[in-house]
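Below: the structure, in structure tokens.
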Amino acid sequence: MHGVVAAAHPLAAAAGARVLSSGGNAFDAAAATAATLNVVEPYMSGLAGQGLATCYVAAEKRVRVLDFLPPIPDGFPIERFTRRDDVARGALGVGRPGNLAGWCTMVDTYGSKSLAELFAPAITIARDGYPLIEFNVDETNGGGAELRRHDALYGTWSKNYTDGSGRVAPGYILKQPDLARTFEALAKDGPGLLYGGALGRTIVEHLKSLGGCITMADLEAVKPQWQDPISATYRGLDIHVPPPPSEAFQYLLALRILEGFDLKSMPRNGVDHIDTVLRAIRVAAGVRIANNNPSSQKLAHLLSEDHVAGLRARVRDGKVVDGPTEQWTPPPAEGHTTSFSIADRDGNLVCVTQSLGSVFGSGVVVPSTGICLNNFLYWADVTPDSPNRSKPGGPLPVCVAPSIGLRDGKPALVLGTPGSYGILQTQVQAVVQYLDYGLPLQEAIEAPRARLTDGRAVMLESRVEPAVMDGLQQRGHNLERGPQWTMRVGGMQAIALDPTSGARTGACDPRRDGYVVTA
């Protein structure tokens, strides 16, 4: 009754819950949770990443979106690239850091505690260290194996995360004293230390030494923006997500298509159920790719009943759906993102999805700061003949979709996940399990999920019956039988709210290190 935090690591969830227990609200707890995730999931997100927050402000009785996905740097030399792998690692892949600005804006607008209080858990854990668990080990060793090929990056990265050895094992105590000092300085001096101050100069100078394009002017221009969400109704739940340039409208469009199907009459996790959902997702992805960053008028048309009726007919026609699900360009590697959900005693809700882009982002760790920089420009479309080609100084469409659902105007569901372009797919699948089949929220998150990639490719968790997989293959899906559980289908964190009793029920994803802590 007093608050819930669902996050991707138990220490981060505990940090947010402690803030709630000490009188802070959901916006305070979001900053504490996010900062702690920087320490305990350094490969997923951090203060130099980017993200979005969807929030329900109880005092205002409305949903708001905070966009801390800054524009592409003005000096990004897009003419030098023909494929996105050219900016996968290194200084030229680094986008403007937005996460710190986003956390501080939430606290400045609606919070009640100081940055010193909110960053205290992150500072303590970074200074004292914490023992690595399985997922920490897998991501660190996997990232290290890839970064070893980049001489200019590997030494600083290895010193910061592996004490120079390049590998870690379960139980290894990761201490990050440089990052602790950085958070202490930010707690004292505020975000201006990064966005125009000494910390920003340190970052810019290091990037310049590696051939990067970010300038102090780029950092000074970072200003998170409060926005109105976009929404669509599914089974009586009004689901709110960030507006374009976020690509979250694909999530809404897939649900709008599925609204026209009686899914609950189909056997759960059977051929008809899964086939219908996969077809709707792939059709919606094609519309999103063809209409990237639409105007408000165009978006209204895309979500309209007239347009959706045609998409439903395409899902029903039984013909194989073959098409892209990622970008106009070939599909990327899996993204490295995190999502968390918070509900406080006053009725405020926060759902944040934030990222470094790829595992350990650009691979650039700024010496003496403990900061790992993002590679969000890898998510820019640099293909010369693409209709969605990015522009220096322009917006960066990103496939994150933190969501809040209202029923009859009252908060009912907070849900988000990481997973690159799979975010726009797996949230649909979990919502269907929750609303159409009536599973408890934890069971809905644990239910088998699929990840679609370009063409007809689908990876499906193998807990689905073999006969169902065979049936899906016969209907034209190029099916890969995945593991029983895989992070390729996300790491969802969610909270359900009972509109009558006010009870808050948290749910977390066992595919990663998800954990729920109550205040």
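Points worth noting:
- Net charge of Cβ neighbours under 13 Å - reference I342; Lys, Arg +1; Asp, Glu -1: 0
- The amide H of G455, built 1.01 Å from its N in the peptide plane, has G323, T325 as neighbours under 5 Å, considering only residues 5 or more places off or on other chains.
- On Cα atoms only, tilt of 151-162 relative to the major axis of the chain in degrees: 90 degrees
- Remark on H240: its backbone amide H falls under 5 Å from those of I404, G405, L406, a criterion applied only to residues 5 or more positions apart or on other chains, H modelled at 1.01 Å from N.
- A simple rule links phi to the HN-Hα coupling: the Karplus curve 6.51 cos²θ - 1.76 cosθ + 1.60 with θ = phi - 60°, which for region 79-84 gives 5, 7, 10, 10, 8, 5 Hz, with x for Gly and Pro.
- Along its three principal directions, the equivalent ellipsoid of region 1-158 from the Cα gyration tensor extends over semi-axes of 31, 22, 12 Å, largest first.
- Arranged from fewest to most other beta-carbon atoms within 10 Å of their beta carbon, E41, E461 become E461, E41.
- Straight Cα distances below 30 angstrom link K175 to the lysines K113, K159, K188, K208, with same-chain residues fewer than 8 positions distant left out.
- Kirkwood Rh in Å, taken over all unlike Cα pairs in region 139-232: 16.1 Å
- Between 0 and 90°, nearest 10: helix 115-128 axis offset from the chain longest Cα axis: 80 degrees
- Using Cβ point charges alone (K and R +1, D and E -1), the dipole size of the chain about the Cα centre works out to roughly 220 debye.
- The angle between the Cα long axis of helix 26-40 and the longest principal axis of the Cα atoms of the chain comes to about 70 degrees, rounded to the nearest 10.
- Residue order, fewest to most surrounding Cβ atoms within 10 angstrom, among R504, R512, R407: R407, R512, R504
- Rounded to the nearest 500, the helix-only mean residue ellipticity at 222 nm of the chain stands at -10500 deg cm²/dmol, with each DSSP H run of n ≥ 4 adding -39,500 (n - 2.57).
- Cut-off under 5 Å, modelled amide H: who pairs with S362 long-range: L373, N374, N375
- Based on Cα contacts under 8 Å between residues 6+ apart, the chain shows a relative contact order of 25 percent.
- Here is the list for region 33-92: trypsin sites (Lys or Arg not before Pro) lying in DSSP coil, each with at most 13 other C-beta atoms within 10 angstrom of its C-beta, are K61, R83.
- Of the residues G471, N38, Y434, the one whose Cα sits farthest toward the positive end of the charge dipole of the chain, with +1 on the Cβ of Lys and Arg and -1 on the Cβ of Asp and Glu, is G471.
Read the figures in this text as sums done on the coordinates, not as results from a lab. Note that the structure is predicted; figures quoted are calculated from it, not measured. No Cβ is skipped: glycine too gets one built from the backbone with ideal geometry, and neighbour counts run over all protein chains shown.
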